Amino acid sequence: MISKNRIKYIHSLELKKHRKEEGVFVAEGHKLVGDLIGVFECVYLAATNDWISAHAAEIERLTESNRQFMIDEVTDDELRRISFQEHPQQVLAIFRQPEYDVDPAEAVANGLCLALDDVQNPGNLGTIVRLADWFGIEHIFCSPGCADIFNPKTVQSTMGGLAHVQLHYCQLPELLASLPSATPVYGTFLDGENMYEKQLTTNGLIIMGNEGKGVSPEVGKYVTERLYIPNYPQGRETSESLNVAIATAIVCAEFRRR
């Protein structure tokens, strides 16, 4: 049984300001919750009897390790009342938002990282996190204008990638200005050079721009390598540009192929 106050509280977490005030986020479904429960601090679970029975040892560990942890056994109907999903699956969890401490220069020097310049669609952001996880990219630097990674829709669309990829919200021009001058900084532009004919490095920063405006001038001035994803066959009339998540997948795949 779940109380009305609890239902109201969970619904409030759909809004960014309440998530920020509470320092938490919501994840749903047995697969996603299973991926995140060992990575982030879980403070609350609403789950069906079947899920609770199958995860008794995990629940006991959470209860013993965290005095603030709470759990409600709910019916399928109650789960539908609190869920942000059209078809909820067995469990909803509330986790603490993580706090990361990273040196951007060190992260970029030691591997490939992404920077997102005002990527505003929650689905695009979640998909990019999922892609980063697939291609072994551990750090994404997001401008303040990017979608909130802890939006319930964004969390769901990461498909568990949030467990392996750290997101850092920061002023991108300041971050880029702080990097050593020899740092490779890539960006995608319609007037860039053919990506398949460029020499690519195993470390550096790849900047992906806003869905409609691309990379902003304030960020673009720090790009040292301007890349273009050519259409096929070249010269054929086609759509103006690619979706930012699709473009990110193509670019990351080419970097890893080398």
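The values are calculated or read from the model by the stated rules, or taken from the named source; none is laboratory data. All of these numbers come straight from a predicted model, not from anything done at the bench. We place every Cβ from the backbone using ideal geometry, glycine too, and count neighbours over all the protein chains shown. The protein model used for the area step is the full one, side chains on, heavy atoms only, and it has no ligands, DNA or RNA in it. Shrake-Rupley method; radii C 1.70, N 1.55, O 1.52, S 1.80 Å.
Values as computed for the structure displayed
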| read-out | value |
| --- | --- |
| Evaluation of GLY204 against (1) within 23 Å of ARG130 (Cβ to Cβ); (2) open to solvent by 30 Å² or more (accessible area, probe 1.4 Å); (3) in contact with a Pro (Cβ under 7 Å, 6 or more places away or on another chain) (one fails), failing number | (2) |
| All positions within the stretch 65-74 that are under 18 Å from TYR9 (Cα atoms), open to solvent by less than 100 Å² (accessible area, probe 1.4 Å) and either free of Cβ contacts under 8 Å to residues at least 24 places away in the same chain or not hydrophobic (A, V, I, L, M, F, W, C) (or both) | ASP72, GLU73 |
| All helices (runs of 4 or more DSSP H) inside the stretch 97-190 with 1 or more residues being closer than 22 Å to THR201 by Cβ and at pLDDT 95 or above | 104-110, 122-134, 172-178 |
| Subset of the stretch 17-33 [among the β-branched types (Val, Ile, Thr) and assigned to a helix (DSSP H, G or I)] | VAL33 |
| Subset of the stretch 39-64 [without any contact (Cβ under 8 Å) to a residue 12 or more places away in the chain and either in contact with a helix residue (DSSP H, G or I) (Cβ under 8 Å, 6 or more places away or on another chain) or of a type outside the set (S, T, N, Q) (or both)] | ALA54, HIS55, ALA56, ALA57, GLU60, ARG61, GLU64 |
| One residue from GLU86, GLU41 being open to solvent by 20 Å² or more (accessible area, probe 1.4 Å) and more than 18 Å from the chain's Cα centre (by Cα) | GLU86 |
| Candidates VAL108, VAL102 - the one that is open to solvent by 30 Å² or more (accessible area, probe 1.4 Å), touching a residue at least 24 places away in the same chain (Cβ under 8 Å) and among the aliphatic types (A, V, I, L, M) | VAL102 |
| Any chance VAL33 is within 19 Å of the chain's Cα centre (by Cα), open to solvent by less than 40 Å² (accessible area, probe 1.4 Å) and of a type outside the set (Phe, Trp, Tyr) | yes |
| Criterion (in contact with a Pro (Cβ under 9 Å, 6 or more places away or on another chain) and open to solvent by less than 30 Å² (accessible area, probe 1.4 Å)) met by exactly one of ALA147, ALA163 | ALA147 |
| Test for ASP77: is it of a type outside the set (A, V, I, L, M), farther than 25 Å from ILE149 by Cα, open to solvent by 40 Å² or more (accessible area, probe 1.4 Å) and touching a residue at least 40 places away in the same chain (Cβ under 8 Å) | no |
| Selected residue (only one of ARG67, ARG81 is more than 25 Å from VAL219 (Cβ to Cβ) and part of a loop (DSSP other than H, G, I, E, B)) | ARG67 |
| First in the stretch 215-230 and in contact (Cβ under 8 Å) with a residue 40 or more places away in the chain, second anywhere and of a type in the set (A, V, I, L, M, F, W, C) and open to solvent by 80 Å² or more (accessible area, probe 1.4 Å), Cβ under 8 Å, 6 or more apart | TYR228/LEU190; ILE229/LEU242 |
| Subset of the stretch 197-229 [more than 23 Å from SER181 (Cβ to Cβ) and within 27 Å of the chain's Cα centre (by Cα)] | ASN210, GLU211, GLY212, LYS213, GLY214, TYR228, ILE229 |
| Condition broken by GLU58, with the remaining ones in (1) within 28 Å of GLY145 (Cα to Cα); (2) in a helix (DSSP H, G or I) satisfied | (1) |
